[in-house]
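Asks: Let me begin by handing over the structure; questions about it come next.
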Amino acid sequence: MPKTYSTIRVARGARIKYWNDLHCNLQSPLEVKPLDRSQFDATSNVEHMGQLRIVETESAPAIIEHRARHVAQTKERRFRLLLSTQGRMRLQHVGREVVLDEGDFALLDDGAPYRIAFRDSNVAICVAISPPMLRSYLPTPSALCGLLMSASAPMNRVATA
């Protein structure tokens with residue numbers, strides 16, 4: 001059964017700190033910077049399926065940064081499959097910059113900085129995968145990080161489903 005986290009019951013002035021602390025514990029060290037600090041709301045549903053951690057997050061517009069200092073603080077390196085299910089996101093990772101529309105996805109590596117930005121409310125699913133598990137399917141997953149996997153490609157639609 002998924003566990004739900006939300007800013008709804010947190011005082012407005014404490015929401016951003018709460019959300020940043022929560023995501024540093026749930027995923028990896030990062031910083032969420034809302035575009036409108038006074039109107040920030042977010043909810044995450046977290047579920048574990050074997051070795052996978054699946055997090056579905058609905059968020060007000062924000063910029064999410066996993067910078068070099070966050071990489072250095074990462075305790076458990078993971079690859080993350082980031083799927084946009086509602087809204088558009090701009091992703092910068094390993095020298096690549098792509099725009100994810102609904103249904104598009106990209107692979108991220110906690111071992112490198114990334115930046116995700118969205119100007120409108122957004123819903124995304126992030127699947128955390130251990131490096132050994134992913135390498136059993138993709139021998140060199142780092143080579144695929146930051147690439148747009150478009151929902152318009154038939155095999156990507158299968159993977160998204």
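The values are calculated or read from the model by the stated rules, or taken from the named source; none is laboratory data. All values derive from a computational prediction rather than experimental measurement. Don't worry about glycine lacking a Cβ; one is built from the backbone with ideal geometry, like all the others, and counts go over all protein chains shown. These area figures cover heavy atoms from the full protein model, side chains too; ligands, DNA and RNA do not enter into them. Shrake-Rupley method; radii C 1.70, N 1.55, O 1.52, S 1.80 Å.
Asks: With every atom except the alpha carbons ignored, what do you get for Rg and Dmax of segment 36-161, in angstroms?
Replies: 14.1, 45
Asks: Compute the distance in nm between two label points, each set 7 Å from the Cα along the Cα-to-Cβ direction, one at N20 and one at K75.
Replies: That separation, rounded to one decimal, is 1.9 nm.
Asks: Say R0 is 25 Å: what FRET efficiency, to the nearest 0.05, do T43 and R90 get from their beta-carbon distance? Spell out each step's value before the answer.
Replies: Details: r = 22 Å, r/R0 = 0.87.
For R0 = 25 Å, the calculated efficiency reads 0.70.
Asks: Would you work out the relative contact order for segment 70-161, in percent, from Cα pairs under 8 angstrom that are 6 or more residues apart? Can you show the working numbers first?
Replies: Details: 190 pairs, mean separation 32.7, N = 92.
RCO, segment 70-161: 36 percent.
Asks: Taking square-rooted eigenvalues a ≥ b ≥ c of the alpha carbon gyration tensor, is segment 87-160 rounded, prolate or oblate, where a/c under 1.5 means rounded and, failing that, a/b exceeding b/c means prolate? Spell out each step's value before the answer.
Replies: Working: a/c = 1.82, a/b = 1.29, b/c = 1.42.
It comes out oblate by the Cα gyration axes.
Asks: Once you sort the root eigenvalues of the Cα gyration tensor of segment 25-101 as a ≥ b ≥ c, which label holds: rounded (a/c under 1.5), prolate (a/b larger than b/c) or oblate (the other case)?
Replies: Values: a/c = 1.31, a/b = 1.15, b/c = 1.14.
Rounded is the answer for segment 25-101, as its axis ratio a/c remains below 1.5.
Asks: Taking the Cα atoms only, what angle lies between the long axis of helix 15-26 and the longest principal axis of the chain, rounded to 10 degrees?
Replies: Result, in degrees: 30.
Asks: Could you compute the FRET efficiency for S121 and L52, with r as their C-beta to C-beta distance and R0 at 25 Å, rounded to 0.05? Present the calculation step by step, with values, prior to reporting the outcome.
Replies: Working: r = 26 Å, r/R0 = 1.03.
It comes out at approximately 0.45.
Asks: For labels at S152 and A68 in the simple 7 Å Cα→Cβ model, what's the distance in nm?
Replies: Label-label distance for S152 and A68, simple model: 3.7 nm.
Asks: Here is a further query. Quick one: with all protein chains in place, what share of the accessible area of segment 58-148 is carbon or sulfur, to the nearest percent (1.4 Å probe)?
Replies: Values: 2360 of 4460 Å².
The C+S portion of the solvent-accessible surface of segment 58-148 is 53 percent.
Asks: Further question on the same structure: In segment 89-161, which trypsin sites (Lys or Arg not before Pro) are in a loop and have at most 16 other Cβ atoms within 10 Å, using DSSP for the loop call? Don't skip to the end; give the middle numbers.
Replies: Values: sites: R90, R96, R115, R119, R135, R157; in loops: R119.
Sparse-neighbourhood loop trypsin sites (Lys or Arg not before Pro): R119.
Asks: Ordered by residue, what ³J(HN,Hα) values in Hz, to whole numbers, does segment 89-100 give under the Karplus form 6.51 cos²θ - 1.76 cosθ + 1.60, where θ = phi - 60° and Gly and Pro are x?
Replies: 10, 9, 10, 10, 7, 6, x, 10, 9, 9, 10, 9
Asks: What ³J(HN,Hα) values, in whole Hz, does the Karplus curve 6.51 cos²θ - 1.76 cosθ + 1.60 give for segment 104-116 when θ = phi - 60°, with x put for Gly and Pro?
Replies: So the J values, rounded to whole Hz, are 7, 9, 8, 9, 10, 10, 4, x, 9, x, 8, 9, 10.
Asks: Under 20 Å Cα-Cα from K33, which lysines qualify once same-chain neighbours fewer than 8 residues away are excluded?
Replies: Within reach: K17.
Asks: Moving to a separate point now. Considering amide H positions built from the backbone, and no H for Pro or chain starts, which residues 5 or more places from D41, or on another chain, come under 5 Å of its amide H?
Replies: A60
Asks: To continue, here is another question. What whole number of Å gives the distance from the Cα centroid of segment 77-145 to the Cα centroid of segment 13-33?
Replies: Comparing the Cα centres of segment 13-33 and segment 77-145, I get a distance of 18 Å.
Asks: Something else now. Taking only protein heavy atoms into account and a 1.4 Å probe, give the accessible area per residue of segment 46-161 in Å². Each step should come with its number before you reach the end.
Replies: Values: 6150 Å² over 116 residues.
Per-residue value: 53 Å².
Asks: Hey, can you grab everything whose amide H is under 5 Å from the amide H of R119? Only 5+ residues off in sequence or another chain; H modelled, so Pro and N-termini drop out.
Replies: none
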